[in-house]
Amino acid sequence: MASKKNKTQAKTQKKIKISLGVFALVVMGLLLFGDLLYLAKLWTTPPQNFNVQQVFKINGETSPCGIFKPWDAVAAESGFYISDQANNRIIEFTRDGKYIDSITSKEAGKPDFKELSSITLTPNGDIYCIDTWNNLLRGFNHQHHALAQINIGGKGFYGPRGVAYSNGDFVIADTGSHRIAKVSSQGDMVGSWGTHGSGKVEFNNPTQVIADDQNRYYVADRDNHRIQCLDNNGKFVWETSVTPAPVAEAIDNTHHLLYVSTGQTINVYDLTGKILGAFNTLQKSGQTFDNVIALSVFPDGDVLSCQGGSATVYHPLQTAAPVQTAAK
């Protein structure tokens, strides 16, 4: 009898232990799930608004420039440029939004433009654009005179669309080959990083790359729904999730901010990838920040935002305070 009783007690104790173990696992799972939800919210939800005020807006239907479809934009102290892919031209405006002129295939010379994509400026004000299907980097000076073309054909490029000038070289987002490449002003390959994938220094249709004043590169890794930051040797620094996918990006080196359009809003990050907020207009104009397909920042901190057929300049009214985020 004692033996049978002991066996019963042992079975009971075993059941209790199993139940306690299952309960502990459930509690730990719930706590972990709660932590993951918190971290997801922390990293993807803008914690506060960036209040901005519209300075002016250009509508292609009423401007002398005519209707345009932006792909990219770049702002300088004296004005700004927009790559108008639909009309195969680069449009120039003054700082206050007056149309100056356009650079077309006529000014560029042969071959004709074949899908203009991203544009970038050198320190002396020369403008360079990616002529995607001609595999060319094409440059123009202040007078819109064509500079020597940089031929990047024969180097494995397939559908390159993003370009940034950085410390004498051109950094290129090679969309079709899922990589970031760096070429010299003579067209020599300086570096090539990345393959198709979702890991570190892997890409899935990167469409844009920008550089900060420390020669770090911020890649809009579109179909991985993230921004990846690389150093000037192509080594991984950090990444941050962007939902929906990043459509456009711009850097403010003065205030150390990164602006990213998701196609639904303009999010604001610091240069470690921590989200600080999102744009919120103070004007009662019904202005929205959806479908923003090009971004740039003037030296004074004003933000140039391009939507289909229009370009708007905003003045941020405050800088959001950093928020507590999880270490990566």
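The values are calculated or read from the model by the stated rules, or taken from the named source; none is laboratory data. Note that the structure is predicted; figures quoted are calculated from it, not measured. Every residue, glycine as well, gets a Cβ built from its backbone with ideal geometry; the counts of neighbours run over all protein chains shown.
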Open item on the list: Tally up the residues in the range 178-200 that are assigned to a loop (DSSP other than H, G, I, E, B) and over 17 Å from Ala164 (Cβ atoms), please.
Closed with: 7
Task: Residues that are in a strand (DSSP E or B) and hydroxyl-bearing (Ser, Thr, Tyr), drawn from the range 102-136 - done: Ser102, Ser117, Ser118, Thr120, Tyr128
TODO: Return the residue satisfying two criteria in turn: it lies in the range 195-207 and is in contact with an Asp or Glu (Cβ under 6 Å, 6 or more places away or on another chain) and touching a residue at least 24 places away in the same chain (Cβ under 8 Å), and of such residues it is nearest to Asn253 (Cα to Cα).
DONE: Pro206
TODO: Collect the residues in the range 171-191 that are surrounded by 17 or more Cβ atoms within 10 Å (Cβ to Cβ) and out of contact with any Ser or Thr (no Cβ under 7 Å at 6 or more places or on another chain), keeping them in residue-number order.
DONE: Val171, Ile172, Asp174, Ser177, Ile180, Lys182, Val183, Gly187
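Conditions (1) within 19 Å of His178 (Cβ to Cβ); (2) outside the structural domain of Val268 (by TED's automatic domain parsing); (3) crowded, with 20+ Cβ neighbours inside 10 Å, marked per residue:
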{"position": "Gly199", "(1), (2), (3)": "yes, no, no"}
{"position": "Thr207", "(1), (2), (3)": "yes, no, yes"}
{"position": "Asp221", "(1), (2), (3)": "yes, no, yes"}
{"position": "Thr243", "(1), (2), (3)": "no, no, no"}
Task: Filter result (under 17 Å from Glu107 (Cα atoms) and small (Gly, Ala, Ser)) within the range 74-85 - done: Ser83
Task: Residue, surrounded by the fewest Cβ atoms within 10 Å (Cβ to Cβ), within the range 108-131, restricted to residues that are out of contact with any Phe, Trp or Tyr (no Cβ under 7 Å at 6 or more places or on another chain) and more than 18 Å from Ala76 (Cα to Cα) - done: Lys110
Open item on the list: Take the conditions assigned by TED's automatic domain parsing to the domain that holds Asp174, surrounded by 14 or more Cβ atoms within 10 Å (Cβ to Cβ) and assigned to a loop (DSSP other than H, G, I, E, B) and apply them to Gly139. Does it pass?
Closed with: no
Open item on the list: Take Ala86 and tell me if it is crowded, with 16+ Cβ neighbours inside 10 Å and not in a loop (DSSP other than H, G, I, E, B).
Closed with: no
- [ ] Determine which single condition Ile227 fails, assuming it passes every other condition in (1) closer than 26 Å to Lys114 by Cβ; (2) β-branched (Val, Ile, Thr); (3) out of contact with any Cys (no Cβ under 9 Å at 6 or more places or on another chain).
- [x] (1)
TODO: Scan the range 205-258 residue by residue and report those that are within 13 Å of Trp193 (Cα to Cα) and assigned to a loop (DSSP other than H, G, I, E, B).
DONE: Asp231, Asn232, Asn233, Gly234, Lys235
